[in-house]
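The values are calculated or read from the model by the stated rules, or taken from the named source; none is laboratory data. Please read all numbers here as calculations on a predicted model, not as lab measurements. Please note: Cβ atoms are built from the backbone with ideal geometry, for glycine as well, and neighbour counts cover all protein chains shown.
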Amino acid sequence: MMSMKNLPWVDGFLRPIREEYTKAPPRHALVEPSHADISYIRTLCATADPFDTLGLKNDCFEALLSGKADIIKCESDLGSILVVELTSHPFYKPWNTWWRAIRIMTVSKTKTATKKPVRIVIFGHPRLREMPTKKGAPITAEHLNGGMAERCNASSIIIYRHEEATRVMIHELFHASCSDPYYNPTPLIEADTEAWAEMVLCGMAAKGALQPWIRYMREQIDYALKQAATARDYHNVMSQKDYAWRYLVGRLDVWRRLGIQVPWFPTNYKKVESLRFTVCEPKDT
Ligand SMILES: [Zn+2]
């Protein structure tokens, strides 16, 4: 096993992130949402969604209708971000980080789909990701999921929790930029997408610098191992047949395959109660 800094792909992976942070963030401005934006949001909420099983998008839409939420729109040359924010749950919006993530994920690609402007809707629902309270209960979409996107469609990205919005945005940008090896089974595609999204998130927290990235990744792997052990020992997440495997366990396999040293599951660990996927958050610069 090579140490992380000697892996042959690491410099090529970090370089675009490092270059991104030598530039000013993409210029962006807050603008009034249009009628088309509002009707798009309405359509999203009226469409059945097998992943948003808790109806978080609908909660936000109900709040909009009763004047208990606002739509905030931010535009740049790269596209637009629409945030539905509940009056009861205002939050800081890391626009610089979001636009940087979009630029990192959409430049230097050859596929035409990625040249199109992005359209991202973020429903800032406060619902946190938590392990099921009952021991043995399966971990399902309602405990984990927070976004969706159509393959190769940069205008289809939807995020429906405030928690980890940046990480989910990166994950969905991968799908939207045609990165899916569609011939693979979904659990493997999801594991891959998530593993890379977390590497990019740590890369952004490190502004593309090698040593900080390694440090963030080590923390992330340590956390992911405890979370996977909790999922196995308390909620029977064992194989690809278990829904949560694709995220909680699959990502560890992807990192191993990339040559990163990932120890086996810990036997003596503190149970992880949260189902948020990551522990780092890039500074908004
Ligand atoms: Zn996905």
**Study point:** Pick from region 1-36, criterion part of a helix (DSSP H, G or I) and β-branched (Val, Ile, Thr), ranking: farthest from Arg218 (Cα to Cα)
**Key:** Ile17
Study note, to complete from the structure: Flagged in region 159-203 as in contact (Cβ under 8 Å) with a residue 60 or more places away in the chain, of a type outside the set (D, E, K, R) and within 13 Å of the ligand (Cβ to nearest atom), in numbering order, are Met169, Ile170, Leu173, Phe174, Ala176, Ser177, Thr186, Pro187, Leu188, Ala191, Ala195
**Study point:** The listed residue being exposed (fewer than 15 other Cβ atoms within 10 Å of the Cβ), modelled with pLDDT of 95 or more and within 23 Å of Gly147 (Cα to Cα), out of Asp233, Asp242, Asp284, Asp192
**Key:** Asp284
Review point. Mind checking whether some residue in region 198-219 is in a loop (DSSP other than H, G, I, E, B) and among the aliphatic types (A, V, I, L, M)?
Key: yes
Practice item. Determine which single condition Met199 fails, assuming it passes every other condition in (1) under 30 Å from Gly136 (Cβ atoms); (2) buried (at least 22 other Cβ atoms within 10 Å of the Cβ). Key: (1)
Exercise for review: Specify the residue that is farthest from Trp245 (Cα to Cα); the eligible residues are those in region 142-157 that are within 12 Å of the ligand (Cβ to nearest atom) and touching a strand residue (DSSP E or B) at 6+ places or on another chain (Cβ under 7 Å).
Suggested key: Ile157
Review point. Condition test on Thr97, is it among the polar types (S, T, N, Q), more than 20 Å from Phe61 (Cα to Cα), at pLDDT 95 or above and within 16 Å of the ligand (Cβ to nearest atom)?
Key: no
Review point. Where in region 37-150 are the strands (runs of 3 or more DSSP E), entirely inside, with at least 2 residues that are exposed (fewer than 15 other Cβ atoms within 10 Å of the Cβ)?
Key: none
Review point. Among the residues of region 220-256, how many are under 10 Å from Pro187 (Cα atoms), of a type in the set (A, V, I, L, M, F, W, C) and out of contact with any Leu (no Cβ under 7 Å at 6 or more places or on another chain)?
Key: 1
Practice item. Please give the number of the condition Lys270 fails out of (1) in contact with a Lys or Arg (Cβ under 9 Å, 6 or more places away or on another chain); (2) surrounded by 15 or more Cβ atoms within 10 Å (Cβ to Cβ). Key: (2)
Point to revise | Index of the failed condition, Pro187 passing every other in (1) outside any loop (DSSP other than H, G, I, E, B); (2) within 15 Å of Ile102 (Cα to Cα); (3) in contact with a Lys or Arg (Cβ under 7 Å, 6 or more places away or on another chain) | key: (2)
Review point. For region 251-270, how many residues are of a type in the set (Val, Ile, Thr), assigned to a helix (DSSP H, G or I) and free of Cβ contacts under 8 Å to residues at least 40 places away in the same chain?
Key: 0
Practice item. Among the residues of region 216-257, write down those that are within 16 Å of Phe13 (Cα to Cα) and within 20 Å of the chain's Cα centre (by Cα). Key: Tyr216, Met217, Val254, Trp255
Practice item. Could you tell me which numbered condition Thr133 fails, if it satisfies all but one of (1) at pLDDT 95 or above; (2) farther than 24 Å from Tyr40 by Cβ; (3) away from the ligand (no atom under 16 Å from the Cβ)? Key: (1)
